Amino acid sequence: MRTKTDDSSGSASGVTRREFISVAGATVASAVLPVADLMGELPNSKSLANDRHRPRFHLMPPSQWLNDPNGPLHYKGRYHLFYQYAREISNFATKYWGHAISTDLIHWKNLGIALAPTPGPDKNGCWTGSAVVVNGVPTLIYTGGTWSTSSEREARAQGINPERQLVAVAADPNDPDLIKWNKIAENPVLDSPPDSIKAVGWRDPAVWKEGDNWYMTIGCGELGVGGIALLYSSKDFRSWKYLHPLATGKPDPRVDASRPFGAMWECPDFFRLDEKPFLLVATGNRYFTGTYSDHRLQQQNEGRIDFGSAAYAQKTMEDAKGRRIWWAWLREKRVSDAQVAAGWAGVMSLPRVLTLRKDGMLGVDPVPELKVLRRGHKTIPAQKIDSSSPLLLKDVEGDCIEIEVELELGDSRQAGVRVRAAVDGSEQTLIGYDSEKRELFSDTSLSSKDAATESGLGFRRNRGPESAPMDLKTGEPLRLRIFVDASVIETFANGKASFSDRVYPMNPAALGIGLFAKGGTARLRAMTVWQLAPISSDRMTSGAELFEK
Ligand code: DQQ
């Protein structure tokens, strides 16, 4: 099985006139999209450009709202990454597909809106979906929302399904930027979930090809039961047939399946690495693996790709090099009033590469391309770390940096790195390993004194410790790579676990970096701190100059 995300496997490099006309003729022209207006709408661009919490090397829209990554695709030498975009700062606002392109996975140019709701089956939103090349034509499949937040419960109570699946095709497959997309006349290609399932949701299609057939999984779930990834197949990408569940969640005490959100698997993503099947779901950035036969996944093991509650709605693609590249939405961790006041919310994670580890589970690392951002660096000499170590390292600080560190944990109970720290430690974020609990952790309890970062419920908590089980063999050092980009922190540990977090120190000088060890002595083996180059000079990540490479 290969997921066709790359033109190398299709005839896309030269779509024939006949193919193009047959595709174009069968579409309804997309609405006249106010692309420039929407993405160019920067009421407070000055304050955005000067907002020290806005990241500088992460992809995001010029302003307003971003959530899920959608339809990553490698086509004619360009990476295309779409994302859920809204003109208001709210997850319940009407969603569009924002569109960005890159030649190196790192520098992005925002092109504008690829998909906008139009009267009909996506009138209240173009939600999450996928992109593939079908007979040489880049094609999107996504969920159309016909409900608004207020009408959803009512609609479902009346047995009305408020979600549809729709297809859109590139208006000009010879345009490497794929600027314009047309919704096909046959939409919706699916208008309701199977009758046998009392679905609490039915969205976020993900597609792949096996032989001549397309397969699609759609996120679903039943109250009291839990998540279900439904499986469909098609020969022509227009007419889809329901087969059976690809996988069904096992009873899980960690999620409350009596509530619609707990009962649903959003954003399923399915692929094989060296023939081993992996089903990713949004909840907990979790994945399931086991065996795949008769188009059913028999689950044997599960893991998590990112252990931070900041990350959600993971999505992958296979790139031209055959790598499995992963992204997720990094949500804000401050109250919505603060987000609205800032004029922006939501950041795309850094691209990561997933690999098959010897133990059959997924390894996760930042893509090597990120090294292109490295500028000056400072190496820190090997040293002992204990309770008497200084709070901060001398002559090194920053919030647009990468830290590479190797620590011997010694007899310490906890050891790690302190970032975004004020000189007096009044604000600081800790990332480290707890040898007793055998856990990697990110502790944002003291990250900010801003009251806007205090509240939050359950897994949507804004500040506090979060952890990931991680076994280090006796004597195995803790190896961390930490990317700090203003309010974003992404940590990678020993190729085994990753952690995303968001922090908003009130003190602009909370830029310090330190080492800590508690309950014993640890030892620094090696440490380098790299200054990273922003991908845009004004924190807007939208300028055309980004693409001049
Ligand atoms: N966000 C999308 C849905 C998806 C959810 C709407 C996950 O399609 O289920 O913006 O964050």
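So here's what we get for this one:
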{"read-out": "Criterion violated by residue 291 - all others in (1) free of Cβ contacts under 8 Å to residues at least 24 places away in the same chain; (2) farther than 22 Å from residue 356 by Cβ; (3) among the hydroxyl-bearing types (Ser, Thr, Tyr) satisfied", "value": "(2)"}
{"read-out": "Among (1) more than 16 Å from the ligand (Cβ to nearest atom); (2) out of contact with any Phe, Trp or Tyr (no Cβ under 7 Å at 6 or more places or on another chain) - the single one residue 327 does not satisfy", "value": "(1)"}
{"read-out": "Among (1) surrounded by 19 or more Cβ atoms within 10 Å (Cβ to Cβ); (2) away from the ligand (no atom under 16 Å from the Cβ), the one test that residue 272 misses", "value": "(1)"}
{"read-out": "Selection count, segment 199-227, where residues are in a strand (DSSP E or B), without any contact (Cβ under 8 Å) to a residue 40 or more places away in the chain and surrounded by 15 or more Cβ atoms within 10 Å (Cβ to Cβ)", "value": "2"}
{"read-out": "Residue 133, sole failed condition from (1) over 30 Å from residue 534 (Cβ atoms); (2) within 11 Å of the ligand (Cβ to nearest atom); (3) surrounded by 19 or more Cβ atoms within 10 Å (Cβ to Cβ)", "value": "(2)"}
{"read-out": "Residues of segment 424-455 classified as of a type in the set (A, V, I, L, M, F, W, C) and part of a loop (DSSP other than H, G, I, E, B), total", "value": "1"}
{"read-out": "Number of the exception - residue 372 against (1) more than 28 Å from the chain's Cα centre (by Cα); (2) touching a residue at least 12 places away in the same chain (Cβ under 8 Å)", "value": "(1)"}
{"read-out": "Those residues of segment 62-99 which are of a type in the set (D, E, K, R) and away from the ligand (no atom under 12 Å from the Cβ), in sequence order", "value": "76, 78, 87, 88"}
{"read-out": "Flag if residue 389 is surrounded by fewer than 20 Cβ atoms within 10 Å (Cβ to Cβ) and more than 31 Å from the chain's Cα centre (by Cα)", "value": "yes"}
{"read-out": "Some residue of segment 172-190 being at pLDDT 95 or above, closer than 18 Å to residue 267 by Cα and crowded, with 19+ Cβ neighbours inside 10 Å", "value": "yes"}
{"read-out": "Members of segment 406-417 that are crowded, with 21+ Cβ neighbours inside 10 Å and over 25 Å from the mean Cα position of the chain (by Cα)", "value": "407, 409, 412, 414, 415, 416"}
{"read-out": "Single residue of segment 239-288 satisfying the filter (in contact (Cβ under 8 Å) with a residue 24 or more places away in the chain and touching a helix residue (DSSP H, G or I) at 6+ places or on another chain (Cβ under 6 Å)) that is farthest from residue 203 (Cα to Cα)", "value": "255"}
{"read-out": "Selected residue (criterion: surrounded by the fewest Cβ atoms within 10 Å (Cβ to Cβ)) from residues of segment 57-86 that are outside any strand (DSSP E or B) and not aliphatic (A, V, I, L, M)", "value": "77"}
{"read-out": "Residue check, residue 369 assigned to a strand (DSSP E or B) and of a type in the set (Asp, Glu)", "value": "no"}
{"read-out": "Residue that is assigned to a loop (DSSP other than H, G, I, E, B), of a type in the set (S, T, N, Q) and in contact (Cβ under 8 Å) with a residue 24 or more places away in the chain, where the choices are 192, 196", "value": "192"}
{"read-out": "Residue match in segment 310-321 (condition: away from the ligand (no atom under 16 Å from the Cβ), of a type in the set (Lys, Arg), surrounded by fewer than 22 Cβ atoms within 10 Å (Cβ to Cβ) and closer than 25 Å to residue 81 by Cβ)", "value": "yes"}
{"read-out": "The one condition in (1) within 23 Å of the chain's Cα centre (by Cα); (2) at negative phi; (3) at pLDDT below 95 that residue 125 fails to fulfil", "value": "(2)"}
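Residue-by-condition table, conditions (1) within 16 Å of the ligand (Cβ to nearest atom); (2) surrounded by fewer than 18 Cβ atoms within 10 Å (Cβ to Cβ); (3) farther than 16 Å from residue 303 by Cβ:
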position: 246; (1), (2), (3): no, no, yes
position: 256; (1), (2), (3): no, yes, yes
position: 259; (1), (2), (3): yes, yes, yes
position: 276; (1), (2), (3): no, yes, no
position: 283; (1), (2), (3): yes, no, no
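The values are calculated or read from the model by the stated rules, or taken from the named source; none is laboratory data. Since the structure is predicted, the reported quantities are computational estimates derived from the model, not experimental observations. Please note: Cβ atoms are built from the backbone with ideal geometry, for glycine as well, and neighbour counts cover all protein chains shown.
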